[in-house]
Structure formats: C-alpha cells, structure tokens
1. Dipole of the chain, Cα-centred, from +1 at each Lys and Arg C-beta and -1 at each Asp and Glu C-beta, to the nearest 20 debye?
2. In whole Hz and in residue order, list the ³J(HN,Hα) couplings for the range 94-111 that follow from phi through the Karplus curve 6.51 cos²θ - 1.76 cosθ + 1.60, θ = phi - 60°; x for Gly and Pro.
3. Taking the alpha carbon gyration tensor of the chain, what are the square roots of 5 times its eigenvalues, largest first, to the nearest whole Å?
4. Just need the relative contact order of the chain here, percent rounded to a whole number, with Cα pairs under 8 Å and 6+ apart.
5. Students often check this: by mean Cβ neighbours within 10 Å, which of 89-96, 46-53 ranks highest, and how do the rest follow?
6. Could you please put H32, H63 in sequence from largest to smallest accessible area, using a 1.4 Å probe?
7. May I ask which residue of H63, I86, L38 lies farthest towards the positive end of the charge dipole of the range 35-89, with charges of +1 (Lys, Arg) and -1 (Asp, Glu) on Cβ and the Cα centre as origin?
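The values are calculated or read from the model by the stated rules, or taken from the named source; none is laboratory data. Computed from a prediction, not measured in an experiment: that's the story for all the values here. Note that we place each Cβ from the backbone using ideal geometry, even for glycine, and neighbour counts take in every protein chain shown. We work out accessible area using only protein heavy atoms, side chains counted, and drop any ligands, DNA or RNA first. Shrake-Rupley method; radii C 1.70, N 1.55, O 1.52, S 1.80 Å.
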Amino acid sequence: QTRPPEQHFSEEITPLSVNDCLRLASTFHSMHAIAGRLTPVGTPSGIESVEADTFRLQCFQTHTGIKFLMLAEPRAPNLEGQLKQIYSLYTDYVLKNPFYELDMPIQCELFSTNVDELIKGK
C-alpha cells in the first residue's frame with residue numbers, strides 16, 4: 001500500500017512522528033475495514049470520518065482502494081473536498097510520472113508543492 005508523505009501545515013501544533021502517522025493510518029485502516037463489513041444495508045463504505053473534541057480525521061477512498069487521510073482541527077471546513085482535490089493532484093502529478101512505481105513512497109516535488117498551495121489557500 002502506497003503511503004503518501006506526511007505534510008504538516010500548522011505552526012501551532014507539534015507534528016506527529018512518522019511512526020505515529022503509520023500507527024494512526026494502520027488503526028484507521030483496520031476500523032474502516034471492520035465498519036465496511038458491518039454495514040447492514042447499502043454499499044459498504046467503511047468509516048469516512050472520526051471526530052473528537054480536539055481533532056477530526058477524514059478519509060477519502062478512491063475507486064481503486066487508495067485512502068487519503070487528513071488530520072485537522074474539529075471545525076475545519078470541507079475536508080472531503082480538499083481530499084478529492086489532493087487525489088486529483090495525485091493523478092495529475094504522481095500517476096502520470098513515468099518514474100513513479102506503485103507501492104513506493106511518493107517523491108514528486110510538483111505534487112508536494114501543489115498540495116502545499118491547496119492547503120494554504122494560495
């Protein structure tokens with residue numbers, strides 16, 4: 001499973017370590033899979049958002065199964081829309097890169113730069 005790089009955009013909050021990011025993603029992936037199997041009606045989709053007093057974890061899963069996760073303040077607006085825009089950037093800059101191999105870490109400067117601009121509202 002491809003793990004996009006962690007990007008930190010808040011200067012007020014201490015960033016999570018790489019191990020904490022992996023642990024968080026792994027835990028969410030397991031909860032997402034279990035919830036998808038427990039869905040009694042309709043198309044199983046799993047958990048899309050986890051909200052707490054101090055954070056919100058939003059997931060966008062593509063049709064191919066790739067999950068994009070965003071950890072934000074609880075009242076952050078339009079996280080799903082931003083994740084869909086990040087996915088669009090991923091398809092434009094990462095998947096169309098002839099040197100990118102699936103299941104490898106993403107190392108694409110254009111992707112990172114455009115995600116930074118999207119999140120910071122430039």
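1. Numbers: 10 positive and 15 negative charges, 74 e Å.
Taking the Cα centre of the chain as origin, the dipole is about 360 debye.
2. Values per residue, Gly and Pro as x: 9, 5, 8, 7, x, 9, 7, 10, 4, 6, 10, x, 7, 10, 10, 4, 5, 4 Hz.
3. Details: eigenvalues 105, 75, 40 Å².
The three semi-axes for the chain are 23, 19, 14 Å.
4. Numbers: 112 pairs, mean separation 28.9, N = 122.
Across the chain, relative contact order equals 24 percent.
5. Numbers: 89-96: 15.1, 46-53: 12.8.
So the peptides 89-96, 46-53, ranked by packing, come out 89-96, 46-53.
6. Values: H32 15, H63 200 Å².
Per-residue accessible area, sorted high to low, gives H63, H32.
7. Projecting each Cα onto the dipole axis, the largest value belongs to H63.
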